[in-house]
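**Student:** Pasting a structure here, questions to come.
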Amino acid sequence: MTNNKEQWSSRFGFIMAAAGSAIGLGNLWKFPYITGTNGGAVFLLLYIVFLVLLGIPILLSELSIGRFAGMNAIDSCKKIDSKWGFAGAFGIAGAFGVMSSYCVVGGWVIRYIINSVTDAGMSADYFSEFSSRGLEPILWTLVFMAITCFIVTGGVAKGIERVSSILLPILIVFLLGIMIYSLTLPNAIEGVKFFLVPDFSEIEGFSGFMRIALNAMGQVFFSLSLGMGTLITYGSYLPKESRLLQSTVTVVVMDTVIALAAGFAILPAVFSFGLEPGGGFGLIFQTLPVVFSRMNGGTFISAIFFVLVLFAALTSSISLLEVIVAWVCTKTKLTRTWAAIIVSALIFAAGSLASLSVGAVPQLSVGDVPLFNFFTFMSDKVIMPLGGFFICLLTGWIWGIPNASEEISNSGKLKFRARKLFSVTVRYIAPALIAVIFVTSVFSGE
Ligand code: PFF
């Protein structure tokens with residue numbers, strides 16, 4: 001096991017890369033809708049509570065393990081305890097699973113950028129017709145995967161950091177611009193109400209409350225890229241004098257601000273044109289194209305919007321590919337370039353099957369579930385929570401709070417005032433919460 005020689009070149013670059021991993025499709029298509037349909041402000045409040053109880057401790061644990069060990073996700077966990085490599089292995093398996101569907105969606109986004117420019121296919125029905133074409137979506141998947149692969153072959157500082165440092169600030173500035181535009185549309189207030197006004201009827205009874213809480217926890221997990229080894233891998237490229245707690249809080253705040261900005265950018269526009277927001281992919285690929293087609297200057301805004309979605313997806317997909325590539329490079333004699341090409345080819349193969357499963361070849365399924373949904377379910381609902389669960393146990397019980405605190409405080413050079421809170425959350429609260437999410441979501445089969 002050798003330590004990584006590659007490092008981030010600056011604190012800013014690392015923050016952009018880590019926030020870039022967190023800020024992705026989860027912020028742009030999932031957060032606005034899930035907030036609106038889960039009681040608005042009620043969801044938001046719970047989301048913030050879970051950011052503190054779950055998001056910050058796990059993110060901090062992953063970064064600390066990575067920086068302490070300076071190796072890929074599996075070997076970093078092994079360095080803490082030789083029997084715990086499996087905790088990192090969850091991440092690598094999960095990254096493969098998430099990427100197999102993420103690259104398909106990334107391909108759709110590229111197609112929609114072109115649609116905006118050519119003004120074709122901006123109706124609600126277009127999406128199902130397009131996604132069920134056999135070959136074409138696969139070609140766009142290939143384009144998305146090729147761009148991701150190309151960035152990762154550039155390495156940590158010259159590839160991932162440089163690209164994230166350019167794309168993320170552009171995303172933030174233009175998203176805020178679209179938000180302001182959207183909020184000034186007639187009737188925009190209806191969208192704001194849907195997004196934020198507390199809807200207590202949603203929390204009638206214990207089961208209603210539990211449903212909202214579970215959705216909030218799941219969203220914290222996915223949105224912050226937890227339990228995937230991404231942050232262990234990114235932490236392994238940090239110099240020893242970096243400030244782990246400060247970086248963690250910055251990434252969490254940025255991810256949340258962008259999720260909120262996405263809600264304020266998307267929902268007021270949807271309501272202003274008298275539409276109802278659909279969930280998930282429907283919101284971005286079916287509802288929004290109709291909104292853009294009715295808007296003054298809609299073609300232009302649509303093109304900008306889908307470019308931003310592409311940027312968000314790319315800065316997340318490079319982090320997922322990097323988790324696997326970092327591991328393959330240390331396990332084989334392959335160079336980074338070859339490792340990235342081979343892993344990308346395998347992901348593309350899985351992604352092609354996933355793409356066909358939601359369109360041309362529905363027989364590609366596990367039971368009744370199309371492969372695309374199966375990959376998403378396994379990675380989001382099974383592997384990610386288990387990965388996060390074991391990271392908490394590894395940090396809290398095996399490595400131990402004194403050792404973890406030594407790393408977080410840079411051997412006592414920095415104050416770590418939240419040590420008690422960290423200890424309680426990482427040892428007890430976070431594992432217990434994850435166990436609840438896991439059991440409930442797996443057994444409800446959602
Ligand atoms: N956080 C990303 C999003 O919100 O879209 C998704 C993601 C990226 C999940 C990287 C997990 C991961 F390791």
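**Student:** Name the single residue that is farthest from the ligand (Cβ to nearest atom) among those in region 370-416 being of a type in the set (D, E) and over 20 Å from the mean Cα position of the chain (by Cα).
**Tutor:** Taking the candidates together, the pick is E406.
**Student:** Modelled with pLDDT of 90 or more and under 25 Å from D125 (Cα atoms) - does that describe any residue in region 331-352?
**Tutor:** Yes, that holds for at least one residue.
**Student:** Just the residues that are more than 9 Å from the ligand (Cβ to nearest atom), among the small types (G, A, S) and outside any helix (DSSP H, G or I), please, taken from region 7-28.
**Tutor:** Across region 7-28, the qualifying residues are S9, S10.
**Student:** Something else now. I'm trying to understand the selection: among the residues of region 287-316, which are touching a Gly at 6+ places or on another chain (Cβ under 6 Å) and among the polar types (S, T, N, Q)?
**Tutor:** Within region 287-316, T287, T315, S316 qualify.
**Student:** Which ranges mark the helices (runs of 4 or more DSSP H) fully within region 368-446 that have 3 or more residues being buried (at least 19 other Cβ atoms within 10 Å of the Cβ)?
**Tutor:** In region 368-446, the matching helices (runs of 4 or more DSSP H) lie at 371-377, 384-393, 401-408, 430-444.
**Student:** Separate question: Are there any helices (runs of 4 or more DSSP H) wholly within region 256-363 with 3 or more residues that are under 17 Å from F144 (Cα atoms), and if so which?
**Tutor:** By residue number, 298-331, 336-357.
**Student:** If we scan region 150-163, do we find a residue that is free of Cβ contacts under 8 Å to residues at least 12 places away in the same chain, farther than 25 Å from S293 by Cβ and in a helix (DSSP H, G or I)?
**Tutor:** yes
**Student:** While we're looking at this one, here's another question. In region 253-292, how many residues are over 19 Å from S131 (Cβ atoms) and either of a type in the set (A, V, I, L, M, F, W, C) or surrounded by fewer than 19 Cβ atoms within 10 Å (Cβ to Cβ) (or both)?
**Tutor:** 20
**Student:** Mind listing whichever residues of region 227-252 are surrounded by fewer than 24 Cβ atoms within 10 Å (Cβ to Cβ) and within 14 Å of the ligand (Cβ to nearest atom)?
**Tutor:** Correct list: V252 only.
**Student:** Taking the stated definitions as given, is G218 in contact (Cβ under 8 Å) with a residue 24 or more places away in the chain and within 11 Å of the ligand (Cβ to nearest atom)?
**Tutor:** So G218 does not fit the description; no.
**Student:** Taking A89, is it surrounded by fewer than 20 Cβ atoms within 10 Å (Cβ to Cβ), within 21 Å of the chain's Cα centre (by Cα) and either under 26 Å from M378 (Cβ atoms) or within 16 Å of the ligand (Cβ to nearest atom) (or both)?
**Tutor:** In short, yes.
The values are calculated or read from the model by the stated rules, or taken from the named source; none is laboratory data. All of these numbers come straight from a predicted model, not from anything done at the bench. Methodologically, a virtual Cβ is constructed for each residue, glycine included, from the backbone with ideal geometry; neighbour enumeration extends over all protein chains shown.
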